[in-house]
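Here's the structure, in structure tokens; my notes come after.
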């Protein structure tokens, strides 16, 4: 399945501890004071053995932040609750650990020729974009990207902004090559919802942030996927067109070490490593040179209470930053049980099924 998966490639070692060994490490008195102040702010405590390691990592991160902010960059970095962790630790705890099948390269969406509006921001058009949510320590970012795009598509069509159950996808979508807290893809999550006949609301299937037994109840489904438009690999003009003319979409970008210390500005990365990526849901689209602005759907407070702007790449494209298959869902909320459902007339070509339907696990 295709969706808007924009990969900003990652460097695995950008924010690790200093290259020097522990015996060569030196922290100034000012750096030690800042570390102790940071510990109080974030309620951190360490054993005597761990303290030196965390101090060294913190100081290395802080030095890199100051060096970055002194340079000519489009965004600023700052200390946050990750500042005592190396990027390797962050990847292990928060990012996808299971390999993802992103082999599809052609989409079923035929891009038009315009003209397009110079700027579209769905947040400013009405209540079409969900509030920021928190994935916690579970690698479930793919579920938030899925529900965020679907919630917006429903809100644009019906005027009602729902809050859908990410936990259902964590617990129940393994039959579609997803792995719960170990990762997954929005494309496969949309397939699951489509073939599983719906997704429940967060109020009836609350988020736990950990893998659990599937508790889906079909009678309580409140939203359905009728169709998904898949955008061809690297066709960023089509990506912009869908957001401008239809609705927010689901995409992902590769997480780099510098992103974990992001504070403000337009984020960009020059790294090209193939690191685990993080799905998101862009709600605005620019035409060059206007920037795209959209809040993250799965931060861990208080890291990003602000909205980091992202700008889709514009020609000439850098091959070091591949665009993964983007996904644009089309659906509406569940109708009253006594009302027959209206046949769906897709605005985009019908989806190409990548695998046969898989029977969902029976509810307990």
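Can you name every one of the helices (runs of 4 or more DSSP H) wholly within the range 4-105 that holds 1 or more residues which are under 30 Å from residue 230 (Cα atoms) and at pLDDT below 90?
Details: elements: 29-41, 48-70, 87-94.
Result: 87-94.
Within the range 125-139, can you find the residues that are in contact with a helix residue (DSSP H, G or I) (Cβ under 7 Å, 6 or more places away or on another chain) and either within 23 Å of residue 226 (Cα to Cα) or free of Cβ contacts under 8 Å to residues at least 40 places away in the same chain (or both)? Even if it seems obvious, please write down each step before you answer.
Step one: list which residues in the range 125-139 are in contact with a helix residue (DSSP H, G or I) (Cβ under 7 Å, 6 or more places away or on another chain), which gives 127-130, 133, 135, 137-139.
127, 128, 129, 130 - these are the residues of the range 125-139 that are in contact with a helix residue (DSSP H, G or I) (Cβ under 7 Å, 6 or more places away or on another chain) and either within 23 Å of residue 226 (Cα to Cα) or free of Cβ contacts under 8 Å to residues at least 40 places away in the same chain (or both).
Would you call residue 158 surrounded by fewer than 18 Cβ atoms within 10 Å (Cβ to Cβ) and modelled with pLDDT of 90 or more?
So residue 158 fits the description; yes.
Every residue, every condition in (1) within 16 Å of the chain's Cα centre (by Cα); (2) within 14 Å of residue 147 (Cβ to Cβ); (3) assigned by the TED database to the domain that holds residue 145, yes or no:
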position: 217; (1), (2), (3): no, no, yes
position: 221; (1), (2), (3): no, yes, yes
position: 229; (1), (2), (3): no, no, yes
position: 238; (1), (2), (3): no, no, yes
position: 241; (1), (2), (3): no, no, yes
position: 247; (1), (2), (3): no, yes, yes
position: 250; (1), (2), (3): yes, yes, yes
position: 261; (1), (2), (3): no, no, yes
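The values are calculated or read from the model by the stated rules, or taken from the named source; none is laboratory data. Bear in mind that the values here come from a model prediction, so they are computed numbers and not experimental data. Because the Cβ atoms are built from the backbone with ideal geometry, glycine has one as well, and the counts that use them run over all protein chains shown.
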